[in-house]
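Here is the structure we will look at.
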Amino acid sequence: MTDKSLCDEMYFNEFYTSHIQSASNFAYFKSGDKSTSLDLAQEAFIKIWENCAKIELSKAKSYLFTVVNNLFLNLVKHDKVVFEYAKSSPYLDVDNQSPDYLLEEEEFKDKLKNAIADLTEGEREVFLMNRIDGKKYREIAEILEISQKAVEKRMSSALKKLRAKIDGI
């Protein structure tokens, strides 16, 4: 057995660098969305880092792709639950059921999705971790191993860019 380990930060960085593109591509083929694919790949690497002691080096690459696939399937499952809930929930605001309103809502969602996709990786990561995962700036700083000030700066920048691209945020 070699003395290299995924728990060794230098070796993990090499593993990350050599596989991030193929993991992102795989996630893109699954999801069809660039920002989702990067998020799935990043999340997979986080899981590998958290479980580094349990993963054999010879199986690390296949483990990576299995984790990306499982994360994608979980995302699909989550989206299906959200969709079913939205479909089964009656609209409370009867006035806003018009096709025009629904079209505007879809256009807004598309604008928001595109605006988020246009953020830098760091801004998008911080924004999604805070707004989607509900993580506090302190938690994000620990996960990303950056200062809380850096998190605040990225979030501020992300919000400025989103406000500039989308009216009403």
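The values are calculated or read from the model by the stated rules, or taken from the named source; none is laboratory data. Only a predicted model underlies this, so the values are computations on that prediction, with no experimental measurement involved. Note that we place each Cβ from the backbone using ideal geometry, even for glycine, and neighbour counts take in every protein chain shown.
For residues that are without any contact (Cβ under 8 Å) to a residue 40 or more places away in the chain and either among the polar types (S, T, N, Q) or in the same structural domain as D110 (by TED's automatic domain parsing) (or both), scanning just region 37-66, find the one that is nearest to K113 (Cα to Cα).
Step by step, filter region 37-66, then rank; the result is S37.
Within region 15-32, how many residues are among the small types (G, A, S), in a helix (DSSP H, G or I) and surrounded by fewer than 18 Cβ atoms within 10 Å (Cβ to Cβ)?
Number satisfying all stated conditions: 2.
How many residues does region 133-143 contain that are surrounded by 16 or more Cβ atoms within 10 Å (Cβ to Cβ) and among the aliphatic types (A, V, I, L, M)?
Of the residues in that region, 2 qualify.
When both residues are 6+ apart or on different chains and their Cβ atoms are under 7 Å apart, which pairs have a first residue that lies in region 21-36 and is in the same structural domain as K61 (by TED's automatic domain parsing), and a second that is of a type in the set (D, E, K, R)?
So the pair list comes out as Y28/K34; S35/R124.
Just checking, does region 61-75 include any residue being closer than 17 Å to F12 by Cβ, modelled with pLDDT of 85 or more, assigned to a loop (DSSP other than H, G, I, E, B) and of a type outside the set (A, V, I, L, M, F, W, C)?
The answer is no; no qualifying residue exists.
Look at region 48-65 and say how many of its residues are under 18 Å from Q21 (Cβ atoms) and among the charged types (D, E, K, R).
Qualifying residue count for the region: 1.
From the list K160, K111, K149, pick out the single residue that is of a type outside the set (A, V, I, L, M) and either under 16 Å from the mean Cα position of the chain (by Cα) or surrounded by 13 or more Cβ atoms within 10 Å (Cβ to Cβ) (or both).
K111
Any residue in region 5-19 that is farther than 12 Å from C52 by Cα sitting within a Cβ distance under 7 Å of a residue that is in a helix (DSSP H, G or I)? List the pairs, counting only those 6 or more apart or interchain.
Y16/F45; H19/K61; H19/L64
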